[in-house]
Structures are given as structure tokens and as C-alpha cells.
Amino acid sequence: MLVIIENNYDALSLRAAGIVASAVRKNPRIVLGLATGNTPLGLYRELVRLHCEKALDFSGATTFNLDEYLGLPANHRASFHTYVQDHLASRVNLLRENIHVPDGSVHEHYEEYCSAYEALIRKAGGIDLQILGIGKTGHIGFNEPTSSLGSRTRVKTLAPATIQDNQPNFGPNESVPPCAITMGIGTILEAHRILLLASGASKSSAVAQAIEGPITSTVTASALQLHPDVIVVLDEDAASQLRYRDYYERVLQNTMQLTPERVE
Ligand code: F6R
């Protein structure tokens, strides 16, 4: 894992956007895995700016979202369809037919639906760069604590902490759906490259456990230790519980000298 610690959220977002933009420029037919949530908002904002001001071209790109609430229609304001539309798709030149978000309105044959989502990813050639956030419980996607580290796209029951964290996106009289469709840990680990972002002190414990703790299904992000090409971009607050941060800084300096393409 390459761990990059930036001073604050804005710097984290710029660094992450630089990595994504460079990947898009190198491979105009890139397949991107997209996360939603608060953390990548600055990254998407910067990608939109690069599209508008620096001609960053998404016309050949394909996207697959990690997850979607089960039971929410695509046009619900808290759906991840709406999120990806509002924060990226409607603001850059992604082609509608190349944007994929799990369909939260499926209400039968869930396994077939989830297998078909995976088949679409395979047909696209697999995910070149997967963007991830991390939950306070250490989840990636909606792979809640105790999810199988070999799991595939499936319906998953949300943990109480996740429901609480996501309640602000719903109205006062609305409940967060109890389940979601999410790519599994096994699915995520098949991405060629992974970019994990975390910001804020509330993530510092999950981040430390994911990077420096044992690989365990109780912190599903720890499974990323098994992947050979993960970049983690943190702000100072999210990095505050890391034990080896001086070492990460030295690794970054050496990587920039020896294999700068890994940091781009
Ligand atoms: C979102 C997702 C989640 C979030 C995580 C962090 O598609 O899969 O794993 O990345 O819950 O959310 P924020 O960034 O809102 O703290």
C-alpha cells in the first residue's frame, strides 16, 4: 500500500483527482469504479473542473458504482444514481450507456441481478481504477463487519452505525433502507488498481485498523492489504492513529524517485 498523507481535505481531493485524471489521460477507455458518500465529493468537483478547464475527456470511460440502497428508485434524491448524476455524470462527458449503478428497485431474483452486474464488469474488461471511501466501521462498499472477504456483488444488510451515518441524506420522516446491493470484497479486490480516500478524525481508527491491523472480516477494508496496487490518500485527521507514518513518508519519497508512475 502506498499511503499519502495530505494536510487537509482540499489537498486530499486534489491529490486524488490528480491520480484519477492521470489514469483517464493514460487510458481514455478506462473503466472506473465509483464510490459515493461525502469523502469523494471534492475529488468529483475537481474532476469536473479538469473536464471544463483542462479538457479532461470522459467520453471513452465506463463507470460502475460500488453500491445502491435496495428499495430506492433511481430518481430518489438519496439514491446513488442521483448522487453520481448530480456530482459527476451530468457535469462531464460520460456517455449515459457507459454509466452503471446497481438497480435498487429490483425486487426479485436478486442473485441473478447481482451476477449480471458482475458479468457487465467482466465484459467491460474489469475495473481499472476503483475509488473507495471507508466507513467508521471499516467497511468498503457496504461490506459491513463480518462480510466474507471472498464476497461477490450481493444484497447486504446495513449495520446500525451505517444507517445512523447515512440518515442525514434522508428526510426526517424517512428511514434509511435496511439493505443495499454492494460489490463484494472479492469483486473489489479484482480491480487492477484501488484508490482509498479517508478524511476526518472519525475515520482514524478504521483507517489504522485497515492499514496496520490484521486482515479481518470485522474490518473489511483490511482486505486491501492483499491487493498489490492500492493508494491510500488521507488527511492529517484521518491519519492521526497511524503508527508508521514516518515510514510511509519515506516510502512515498522513494516511490516518487524510483517509480513516479505509481504515484500518478
Ligand atoms: C459509498 C460506499 C461507502 C462509503 C463509506 C464512507 O458508495 O460504498 O463505503 O464510501 O460509507 O462514506 P462517507 O464518505 O460519506 O464517510
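The values are calculated or read from the model by the stated rules, or taken from the named source; none is laboratory data. In this text, all values refer to a predicted model and were calculated from it rather than measured experimentally. All Cβ positions, even for glycine, are placed from backbone atoms using ideal geometry, and neighbour counts span all protein chains on display. Surface areas here come from the heavy atoms of the whole protein model, side chains and all, with no ligands, DNA or RNA. Shrake-Rupley method; radii C 1.70, N 1.55, O 1.52, S 1.80 Å.
Scan the range 25-76 residue by residue and report those that are closer than 18 Å to His100 by Cβ, open to solvent by 10 Å² or more (accessible area, probe 1.4 Å), of a type in the set (S, T, N, Q) and within 16 Å of the ligand (Cβ to nearest atom).
Of everything in the range 25-76, just one residue is closer than 18 Å to His100 by Cβ, open to solvent by 10 Å² or more (accessible area, probe 1.4 Å), of a type in the set (S, T, N, Q) and within 16 Å of the ligand (Cβ to nearest atom), namely Thr36.
Which pairs do you get when a residue that is touching a residue at least 24 places away in the same chain (Cβ under 8 Å) and more than 23 Å from Ser79 (Cβ to Cβ), found in the range 30-57, comes within reach of a residue that is within 16 Å of the ligand (Cβ to nearest atom) and not acidic (Asp, Glu), reach meaning Cβ atoms under 6 angstrom, with the pair 6+ apart or on two chains?
Glu46/Ser13; Glu46/Ala17
Test of understanding: among Pro172, Pro168, Pro214, which residue is touching a helix residue (DSSP H, G or I) at 6+ places or on another chain (Cβ under 8 Å), more than 22 Å from Gln130 (Cα to Cα) and without any contact (Cβ under 8 Å) to a residue 24 or more places away in the chain?
Pro214
Can you tell me which residue within the range 138-154, out of those that are among the small types (Gly, Ala, Ser) and within 20 Å of Ala238 (Cβ to Cβ), is nearest to the ligand (Cβ to nearest atom)?
Gly141
Looking at the range 117-140, I want the residues that are under 16 Å from Asn166 (Cα atoms) and have a partner that is surrounded by fewer than 18 Cβ atoms within 10 Å (Cβ to Cβ) and of a type in the set (Val, Ile, Thr) with Cβ atoms under 8 Å, at least 6 apart or on another chain. Which pairs are those?
Qualifying pairs under 8 Å: Gly138/Thr218.
Restricting to strands (runs of 3 or more DSSP E) lying wholly in the range 118-194: which have 3 or more residues that are surrounded by 18 or more Cβ atoms within 10 Å (Cβ to Cβ) and either modelled with pLDDT of 95 or more or in contact with a Gly (Cβ under 9 Å, 6 or more places away or on another chain) (or both)?
Here the list reads 129-132, 179-182.
Taking the condition of being away from the ligand (no atom under 16 Å from the Cβ) and either part of a loop (DSSP other than H, G, I, E, B) or not acidic (Asp, Glu) (or both), how many residues in the range 77-107 meet it?
11
Under the condition of being out of contact with any helix residue (DSSP H, G or I) (no Cβ under 8 Å at 6 or more places or on another chain) and either of a type in the set (A, V, I, L, M) or under 29 Å from Ser217 (Cβ atoms) (or both), which residue from the range 84-104 is most open to solvent (accessible area, probe 1.4 Å)?
As a first pass, look at the range 84-104 and keep what is out of contact with any helix residue (DSSP H, G or I) (no Cβ under 8 Å at 6 or more places or on another chain): 84-86, 90, 95, 97-98.
Checking the rest, the ones that are also either of a type in the set (A, V, I, L, M) or under 29 Å from Ser217 (Cβ atoms) (or both) come to 84, 95.
Values: Val84: 9, Leu95: 72 Å².
The extreme case among them is Leu95.
Quick check on Ala206: is it within 10 Å of the ligand (Cβ to nearest atom), aliphatic (A, V, I, L, M) and touching a Leu at 6+ places or on another chain (Cβ under 9 Å)?
For Ala206, the condition - within 10 Å of the ligand (Cβ to nearest atom), aliphatic (A, V, I, L, M) and touching a Leu at 6+ places or on another chain (Cβ under 9 Å) - is not met.
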